[in-house]
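Trainee: Quick one: the structure is below, and I'll ask about it shortly.
The values are calculated or read from the model by the stated rules, or taken from the named source; none is laboratory data. Bear in mind that the values here come from a model prediction, so they are computed numbers and not experimental data. Positions of Cβ are generated from backbone atoms using ideal geometry, with glycine treated the same way; all protein chains shown enter the neighbour counts. Please note that ligands, DNA and RNA were not included when accessible areas were found on the heavy atoms of the full protein model with its side chains. Shrake-Rupley method; radii C 1.70, N 1.55, O 1.52, S 1.80 Å.
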Amino acid sequence: MKGIIGKKIGMTSIFSPDGKQTACTIIEAGPNVVTQVKSKDTDGYSALQLAFGDKKEKHATKGDINHFAKAQTAPKRFVKEFRDYSLDKNLGETVTVDIFTEGEDVEVVGTSKGKGFQGVVKRHGFSGVGEQSHGQHDRQRAPGSVGGSSYPSRVFKGMRMAGRMGGDRVKVKGLKVVKIFPEKNYILVTGSVPGHNGSIVLIQK
């Protein structure tokens, strides 16, 4: 595995040489600092801990300050561990968008936008009644029957109902790296990625 922590900037579209328009998301990825290197000998598994986004020292705990001082870097806001990292990196080194190449397939992990309390049509894709004939009154978006009659006389667990929607950890697969701007630490991937503008995402392969 290889990956990097980034921040979603927004969406745009680019045109290919043959004139085809592609919607893509701009992500400010890195630079990430390697703040810990874990190995099977010391930790039982191999992983690379990356940190992104500066944080004021007055807002960091003494434990954080000492931890980041080992990597000779300032306290960071976001820390993520990538297991079985394919690139050989040492403590204090940086990871940039150069680890990816244009045309490469990647996965993006983020937290989806919270949508609050939603009904079954929006939350689960119910079609609703659809028309107002046959005496239907204000039932177009209602869930309909949810339980049995005298048997089992209850509603089964897992029944799709209205409730809070969004705010979940989402992984989008099959995205493609369209363009990389190393001087700005920008990476453009096809399609949309979860989360609002300014949210933290993980790009991995």
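Trainee: Among (1) over 17 Å from the mean Cα position of the chain (by Cα); (2) in contact (Cβ under 8 Å) with a residue 60 or more places away in the chain; (3) open to solvent by 40 Å² or more (accessible area, probe 1.4 Å), which single condition is Glu28 missing?
Mentor: Of the numbered conditions (1) over 17 Å from the mean Cα position of the chain (by Cα); (2) in contact (Cβ under 8 Å) with a residue 60 or more places away in the chain; (3) open to solvent by 40 Å² or more (accessible area, probe 1.4 Å), the odd one out for Glu28 is (1).
Trainee: Still on this structure, I have one more. Counting only residues that are open to solvent by 70 Å² or more (accessible area, probe 1.4 Å), give me the strands (runs of 3 or more DSSP E) lying completely in region 112-205 with at least 1 of them.
Mentor: By residue number, 116-118, 163-165, 169-181.
Trainee: For region 58-104, which positions are among the charged types (D, E, K, R) and open to solvent by 80 Å² or more (accessible area, probe 1.4 Å)?
Mentor: Lys58, Lys62, Lys70, Arg77, Arg83, Asp84, Asp88, Asp98, Glu102
Trainee: Just checking, which of Lys80, Lys89 is of a type outside the set (A, V, I, L, M) and over 17 Å from the mean Cα position of the chain (by Cα)?
Mentor: So the residue among Lys80, Lys89 that is of a type outside the set (A, V, I, L, M) and over 17 Å from the mean Cα position of the chain (by Cα) is Lys89.
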